[in-house]
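Below is one structure; the comments refer to it alone.
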């Protein structure tokens, strides 16, 4: 939309992604860690002030038409709404799945995370269908769109970092390993405890994803495009079988589409 400016906010359990849109294009993005608890308002005020600085840099503060937000951390919704009202004089448009033009076959649609529904919207509108969207976050979700464009369900498993944290938390001696900055493929046979954990999680996760992906596509029964996204996707993208698209900004793009369809 020409001459239109927008702020897209995706609140996840581990990370918060913010995209700034001008004239239908993302001109900047800002990412930071999610913090939960009772004393987080000042932390988020500093982060949203950073967004305000970026907005002022592009000289579009007065031209912001809306702020659209998807959240899987409900306790932060009020904090963000209050801070955006304070700093931008605008209320947030929260994603409402009842206003998304996608048919949903799900036993209880109210339990469906808004991040999943926004990813489905983005995949459908940008890449077409049938498609399988795999989002690698604190939880890894598989989301299926059939050949009629209907969301038909999926799979949820623990994310890579969730597995790593669990391994550390529930054992006395195993260290906490971070794979975020992994620069090379681990040796399949680790020669230290840390290397063994890296190898086990890396190769085990890849095999798990490949098996589940193949089972889903077999169940669907016809050729299906595979799209992956999420903060941890880049670590294993090149080692997965038959992935058609890696779009790290799929959720932000979906938020932009959602807002445009509402307006």
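Calculate, in nm to one decimal, what residue 105 and residue 81 gain on full extension: separation in residues at 0.36 nm each, minus their alpha carbon distance.
5.6 nm
Find how much the distance from residue 184 to residue 203 grows on full extension, using 0.36 nm per residue of separation minus their present alpha carbon separation; answer in nm with one decimal.
Working it through step by step, the gained length comes to 5.6 nm.
Could you give the alpha-carbon Rg of region 24-99 over 2.2 N^0.38 Å, rounded to two decimals?
1.13
Efficiency by 1/(1 + (r/R0)^6): what FRET value for residue 65 and residue 127, r their Cβ-Cβ distance, R0 = 35 Å, to the nearest 0.05?
0.85
Would you mind listing how long region 1-64 runs along its three principal axes, going by Cα atoms, in whole Å with the largest first?
Extents along the principal axes, in whole Å: 40, 19, 13.
Provide the packing ranking of 173-185, 77-89, 224-236, 61-73, i.e. peptides ordered by the mean count of other C-beta atoms within 10 Å per residue, highest first.
224-236, 61-73, 77-89, 173-185
What do the square roots of 5 times the Cα gyration tensor eigenvalues come to for region 59-125, in whole Å, largest first, as semi-axes of the equivalent ellipsoid?
Equivalent ellipsoid of region 59-125: 26, 15, 8 Å, largest first.
In vacuum, with every alpha carbon of region 98-253 counted as one equal point scatterer, what does the Debye formula give for log10 I(q)/I(0) at q = 0.17 Å⁻¹? Two decimals, please.
-0.97
When the helix-only estimate is applied to the chain (DSSP H runs of n ≥ 4, each -39,500 (n - 2.57), divided by the residue count), what is the mean residue ellipticity at 222 nm, nearest 500 deg cm²/dmol?
-12000 deg cm²/dmol
Taking every DSSP beta bridge with both residues inside region 98-253, roughly what % is antiparallel (nearest 5)?
Among the beta bridges of region 98-253, antiparallel pairing accounts for roughly 60 percent.
What is the order of 166, 172, fewest Cβ neighbours within 10 Å to most?
Placing the least packed residue first, the sequence is 172, 166.
Give me Rg over Rh for the chain, both radii from the alpha carbons and Rh done the Kirkwood way, two decimal places.
Using Cα coordinates only, the ratio equals 0.98.
Which length gain, in nm to one decimal place, applies between residue 167 and residue 27 when the Cα-Cα distance is subtracted from 0.36 nm times their residue separation?
Roughly 46.5 nm would be gained on extension.
Return the FRET efficiency for the residue pair residue 210, residue 147: r is the Cβ-Cβ distance, R0 is 25 Å, and the value is rounded to the nearest 0.05.
0.65
Cut-off is 10 Å between beta-carbons; in what order do 244, 33 appear when sorted fewest neighbours first?
33, 244
Which FRET efficiency value, to the nearest 0.05, do you get for residue 39 and residue 262 by plugging their Cβ-Cβ distance into 1/(1 + (r/R0)^6) with R0 = 30 Å?
So, using R0 = 30 Å, E works out to roughly 0.30.
In percent, what relative contact order does region 129-201 have, based on Cα pairs under 8 Å that are 6 or more apart in sequence?
Computed over region 129-201, the figure is 20 percent.
Quick one: divide the alpha-carbon radius of gyration of region 109-176 by 2.2 N^0.38 Å and tell me what you get.
Compactness ratio reported: 1.41.
Taken together, the values in this text are just the output of simple stated rules run on the coordinates, not laboratory data. Please read these numbers as outputs of a predicted model, since none were measured by experiment. When we count neighbours, we look across all protein chains shown, and the Cβ atoms used for this are built from the backbone with ideal geometry, even at glycine.
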